[in-house]
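Contents: one structure, followed by commentary.
The values are calculated or read from the model by the stated rules, or taken from the named source; none is laboratory data. Computed from a prediction, not measured in an experiment: that's the story for all the values here. When we count neighbours, we look across all protein chains shown, and the Cβ atoms used for this are built from the backbone with ideal geometry, even at glycine.
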């Protein structure tokens, strides 16, 4: 089977969790005999492919044009939805005109205005931009979701949210796990000598931006006796937020902008706990990685985190410094539960992801024949 992946054009220049998802899904599908290409331009030809795999329903402007082309080509289509709402973050964490817009307008309008602003200010123009601007945000998302033969969310709960939000109650979908690479995050083989100075710290590995709540995490740690190590770069539109985080941080806070996956594994191993307290997670790759490296988890109660971590993690309210502080104390003073690590290893590895994705491909091809 020959498959092409299509996602946002900045997936490598501005890497995030979806970048890892893309590359690891490709790597492990190829171990199952699937030949995978990643589109390197907005102008894609589908002649040599058996199926097209789109990523990220939140950014319809990046894929709408090619979804339409794939549908005209009568090729099976699957969609990794990566679906979550950022409206609560916009309403509660932002200020000024951005908060007013989020409170005043419905979410699809807010996202349309945000996307349009990025297109203008970041000069993010491509061949599909005009089609998106004419269609509108929600209408573009619903067209994409309805055009896909199979939706591939990261959990059953995400699938239900997509079907509800897109008004597609009968849409077919298969849950495909977000995952961890056990060849990289292998507890027994990781060398921690470089980061022994951070032994017992609270770690937070994520792109630095307002929806990840690093500022509230820092404020919560400022009055606690723990070292906080924050690993990540700011997203292009979050430089001011990053500077605010550094300004507020106490002497117990360390910032590391970038590390390799191998170095990240070492940091997970030396830390006592890992915090990912975003306004939305589905569930966050760093939480899974930290769990297999025997780190306690402090995570958001928003999104699909409970499907993955059940009662093994400590949950907190994003944006609530007091709730975060209480959660920090609990994870820093608790023993690690091996059952959480076992759950991740048994259910959420890239081998699982690849097989579930391949099952989705087979279903899409069957449904496409029946169209």
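The set of residues from the range 269-278 being crowded, with 24+ Cβ neighbours inside 10 Å and more than 12 Å from the chain's Cα centre (by Cα) comprises 271, 273, 274, 275, 277. Scanning the range 50-82 for residues that are touching a strand residue (DSSP E or B) at 6+ places or on another chain (Cβ under 6 Å) and part of a loop (DSSP other than H, G, I, E, B) yields 50, 63, 75, 76, 81.
Given the condition out of contact with any strand residue (DSSP E or B) (no Cβ under 9 Å at 6 or more places or on another chain), closer than 20 Å to residue 84 by Cα and not in a helix (DSSP H, G or I), answer yes or no: does some residue in the range 16-31 qualify? Yes, some residue in the range 16-31 is out of contact with any strand residue (DSSP E or B) (no Cβ under 9 Å at 6 or more places or on another chain), closer than 20 Å to residue 84 by Cα and not in a helix (DSSP H, G or I). Looking across the range 47-65 at every residue that is more than 22 Å from the chain's Cα centre (by Cα) and modelled with pLDDT of 95 or more, the one that is surrounded by the most Cβ atoms within 10 Å (Cβ to Cβ) is identified as 51.
Filtering the range 239-257 to residues that are touching a strand residue (DSSP E or B) at 6+ places or on another chain (Cβ under 6 Å), surrounded by 18 or more Cβ atoms within 10 Å (Cβ to Cβ) and closer than 21 Å to residue 17 by Cα leaves only 242. Total residues in the range 292-326 satisfying the condition of being in a strand (DSSP E or B) and either under 21 Å from residue 345 (Cα atoms) or out of contact with any helix residue (DSSP H, G or I) (no Cβ under 6 Å at 6 or more places or on another chain) (or both): the figure is 8. In the condition set (1) surrounded by fewer than 20 Cβ atoms within 10 Å (Cβ to Cβ); (2) at pLDDT 95 or above, residue 216 is compliant with all but (1). Filtered by the rule that a residue be surrounded by fewer than 16 Cβ atoms within 10 Å (Cβ to Cβ) and farther than 18 Å from residue 139 by Cα, the range 95-109 gives 95, 96, 97, 99, 100, 103, 104. Out of curiosity, is residue 236 surrounded by fewer than 21 Cβ atoms within 10 Å (Cβ to Cβ), at pLDDT 95 or above and not in a helix (DSSP H, G or I)? Considered against the rule, which asks whether it is surrounded by fewer than 21 Cβ atoms within 10 Å (Cβ to Cβ), at pLDDT 95 or above and not in a helix (DSSP H, G or I), residue 236 comes out as no.
I'd like to check something: does the range 96-112 contain any residue that is at pLDDT below 95, within 25 Å of residue 241 (Cβ to Cβ) and in contact with a strand residue (DSSP E or B) (Cβ under 9 Å, 6 or more places away or on another chain)? Checking the range 96-112: not a single residue is at pLDDT below 95, within 25 Å of residue 241 (Cβ to Cβ) and in contact with a strand residue (DSSP E or B) (Cβ under 9 Å, 6 or more places away or on another chain).
For the range 189-205, enumerate the residues that are in a loop (DSSP other than H, G, I, E, B) and within 20 Å of residue 323 (Cα to Cα). 201, the sole residue that qualifies. Selection within the range 32-49: residues that are touching a strand residue (DSSP E or B) at 6+ places or on another chain (Cβ under 7 Å) and assigned to a loop (DSSP other than H, G, I, E, B). The member of this set that is nearest to residue 357 (Cα to Cα) is 34. Only one of the listed residues (90, 62) is touching a residue at least 40 places away in the same chain (Cβ under 8 Å) and assigned by TED's automatic domain parsing to the domain that holds residue 132. That residue is 62. When 142, 211 are checked against the criterion of being assigned to a helix (DSSP H, G or I), over 20 Å from the mean Cα position of the chain (by Cα) and under 30 Å from residue 118 (Cβ atoms), a single residue qualifies: 142. Can you work out which of the residues in the range 147-188 that are assigned to a helix (DSSP H, G or I) and more than 22 Å from the chain's Cα centre (by Cα) is nearest to residue 358 (Cα to Cα)? Checked the range 147-188; the qualifying residue nearest to residue 358 (Cα to Cα) is 147. If a residue has to be surrounded by 17 or more Cβ atoms within 10 Å (Cβ to Cβ) and out of contact with any helix residue (DSSP H, G or I) (no Cβ under 6 Å at 6 or more places or on another chain) to count, how many in the range 70-81 make the cut? Selection size over the range 70-81: 4.
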